[in-house]
Amino acid sequence: MKLAILSRAPRTYSTQRLRTAALDRGHDVKVLNTLRFAIDLSGPEPDLQFRGRPLSDYDAVVPRIGNSITYFGTAVVRQFEQMDVYTPNTANGIANSRDKLRATQILSRHNIGMPATTFVRNRADVNAAINRVGGAPVVIKLLEGTQGIGVILAPEIKVAEAIIETLQSTQQNVLIQAFVTESRGRDIRALVVGDRVVAAMRRTAQGGEFRSNVHRGGTVEGVELTPEYEQTAVRAAQIMGLRVAGVDMLEGNEGPLVMEVNSSPGLQGIETATKLDVAGAIIDYVSNQVAFPEIDVRQRLTVSTGYGVAELVVHSASDLVGQPLRDSGLTDRDITVLTLHRGTQVVPNPKPGQRLEAEDRLLCFGKLEEMRSMIPERRRRRAKVRKLPKQPIHEG
Ligand code: ADP
């Protein structure tokens, strides 16, 4: 394949390793400085210029977009996506993972363990927010911090309030997060490539420090992950739209707690700690996927008027329960079932003989009008036991 590594730092360990791994496998590879692209929307089709000249054809890109150039860098990746060039990490995935709040929001509905987190703006709401995550000591995080900078442990509520107020007064948004005491200055970094963890390490903080980042003096050792940690890491990366990711997890009493999903994970620490060829795994994965560039299925499939994708649920009272798909009448109603989800199990392209069960979820393409009656009810929020205020509260 012809591969471009998008990087502003051609000489760093990670970029060098990716380049060498690609060359060793006989690929044609170039390291291109992300900031020298021009996004060209002047012609009939989306295009890119590099250093002022039209870019030649590439099969795939591996983006290594630094934090300081997220906006421009993701625009370049998005442009490659529009040109049907394969990228393991989408522009949306990269942008979403950059912002700790946005990432936590996206992961929060998927049953992935995370430290209790809350986000407020008004100082009057800070105290309740801290209590909601379990009270002090509490972790305060800048939304876009990296390398442990902007992650603060506040020992008591008054200190936490003062820190939050100070940061907000300088227009910085902060997350409030439960301090996971039992992780004791340790965390796990799992390197996800495609649908597996190719390497994992444990980082341990130095001395009294609670942050285990290597930039804060943390030490690293390779570890074997349990299936629970592996699955959590892979699911978190996939939900974020990242096929190459460094997933950081705390070791909670109840299992893994995802803190962050990193879209440009450094390779030096993990390759040194595990002696594994992570760069090679990334290149092999990319070259296997080149034929399948990202497409926005929903967007592409809804262009024919009246058709679209929807997730339908087999209600327990429905006649469909116990029926094989071929007798379900869905085909007659012009509905095609793309996948069947049953609990955590997924059946792609279910066969005509596949029997339906109550609560099966069917991802379908078809006539929207025909699907309407099978759309599940909107998810109701779980009622929290809370005393009702005597007086109505006026919002806003
Ligand atoms: P960064 O993106 O700057 O690395 P993280 O959110 O990963 O920020 O936090 C840095 C380090 O601080 C983590 O690696 C972990 O060791 C520690 N840490 C972060 N959040 C918590 C928490 N809620 N409880 C305990 N330790 C934490």
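Taking the stated definitions as given, is Gly246 within 15 Å of the ligand (Cβ to nearest atom) and over 22 Å from Pro63 (Cβ atoms)?
no
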Where residues in the range 149-191 are polar (S, T, N, Q) and more than 8 Å from the ligand (Cβ to nearest atom), which of them is nearest to Val261 (Cα to Cα)?
Asn173
Residue identified as at pLDDT below 95 and either within 16 Å of the ligand (Cβ to nearest atom) or under 20 Å from Met240 (Cβ atoms) (or both) among Thr118, Thr74, Thr146, Thr87:
Thr146
Hey, which of the helices (runs of 4 or more DSSP H) in the range 239-330, taking only ones fully inside, have at least 2 residues that are at pLDDT below 90?
297-301
Has the range 218-226 got any residue that is within 20 Å of the chain's Cα centre (by Cα), modelled with pLDDT under 95 and away from the ligand (no atom under 15 Å from the Cβ)?
no
Going by the conditions given, is Gln268 out of contact with any helix residue (DSSP H, G or I) (no Cβ under 8 Å at 6 or more places or on another chain), surrounded by fewer than 19 Cβ atoms within 10 Å (Cβ to Cβ) and either free of Cβ contacts under 8 Å to residues at least 12 places away in the same chain or not basic (Lys, Arg) (or both)?
no
I'm checking my understanding of the structure. Among residues of the range 66-99 that are outside any helix (DSSP H, G or I) and hydrophobic (A, V, I, L, M, F, W, C), which one is surrounded by the most Cβ atoms within 10 Å (Cβ to Cβ)?
Val85
Anything in the range 8-36 that is touching a helix residue (DSSP H, G or I) at 6+ places or on another chain (Cβ under 9 Å), within 15 Å of Ala279 (Cα to Cα), among the hydroxyl-bearing types (Ser, Thr, Tyr) and surrounded by 17 or more Cβ atoms within 10 Å (Cβ to Cβ)? List them, or say none.
Ser14
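The values are calculated or read from the model by the stated rules, or taken from the named source; none is laboratory data. This one's a predicted model, so the numbers in the text were calculated from it and none came from an experiment. Glycine gets a Cβ as well: all are built from the backbone with ideal geometry, and neighbour counts include every protein chain shown.
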